[in-house]
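**Student:** My questions will all concern the structure given below.
No value in this document is a laboratory result; all are computed from the given coordinates. Please read these numbers as outputs of a predicted model, since none were measured by experiment. Counting neighbours? That spans all protein chains shown, and the Cβs are built from the backbone with ideal geometry, glycine included.
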Amino acid sequence: MDLKPEDLINRCEKCNGTGYFKETSGARGGVGVTFTREGTCPECHGRGGTLTEAGMAIAEVVRYVKRNG
């Protein structure tokens, strides 16, 4: 079996998998006030993505092995 990261993890679309976001809103063209928000991605909570079904199955196996040696 040839598994790739994308088979196990769904990359977050908001932060493109970085876990971090920066968003600027407000006036354009140098006139007015702009606001910048940045920090941990609110969609993935800084993880960069979520596990697919296959990823969750592998995570469960890892937890089992850790518990049972």
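**Student:** Scan the range 43-64 for residues that are assigned to a loop (DSSP other than H, G, I, E, B), in contact with an Asp or Glu (Cβ under 9 Å, 6 or more places away or on another chain) and under 24 Å from ASP2 (Cβ atoms) and jot them down.
**Tutor:** THR52 - this is the single residue of the range 43-64 that is assigned to a loop (DSSP other than H, G, I, E, B), in contact with an Asp or Glu (Cβ under 9 Å, 6 or more places away or on another chain) and under 24 Å from ASP2 (Cβ atoms).
**Student:** Next question, about the same structure. Failed condition for GLY49, given (1) out of contact with any Lys or Arg (no Cβ under 6 Å at 6 or more places or on another chain); (2) in contact (Cβ under 8 Å) with a residue 40 or more places away in the chain, with all others met?
**Tutor:** (1)
**Student:** Any chance the range 31-54 includes a residue that's of a type outside the set (A, V, I, L, M, F, W, C), on the phi > 0 side of the Ramachandran plot and more than 12 Å from the chain's Cα centre (by Cα)?
**Tutor:** Yes, there is a match, as at least one residue in the range 31-54 is of a type outside the set (A, V, I, L, M, F, W, C), on the phi > 0 side of the Ramachandran plot and more than 12 Å from the chain's Cα centre (by Cα).
**Student:** Inspect all residues belonging to the range 11-27 and state whether any of them is in a strand (DSSP E or B), basic (Lys, Arg) and surrounded by 12 or more Cβ atoms within 10 Å (Cβ to Cβ).
**Tutor:** For the range 11-27, residues in a strand (DSSP E or B), basic (Lys, Arg) and surrounded by 12 or more Cβ atoms within 10 Å (Cβ to Cβ): present.
**Student:** May I ask you to list pairs of residues, at least six apart or on different chains, whose Cβ atoms are under 6 Å apart, with the first in the range 52-66 being without any contact (Cβ under 8 Å) to a residue 12 or more places away in the chain and the second being surrounded by 10 or more Cβ atoms within 10 Å (Cβ to Cβ) and among the basic types (Lys, Arg)?
**Tutor:** none
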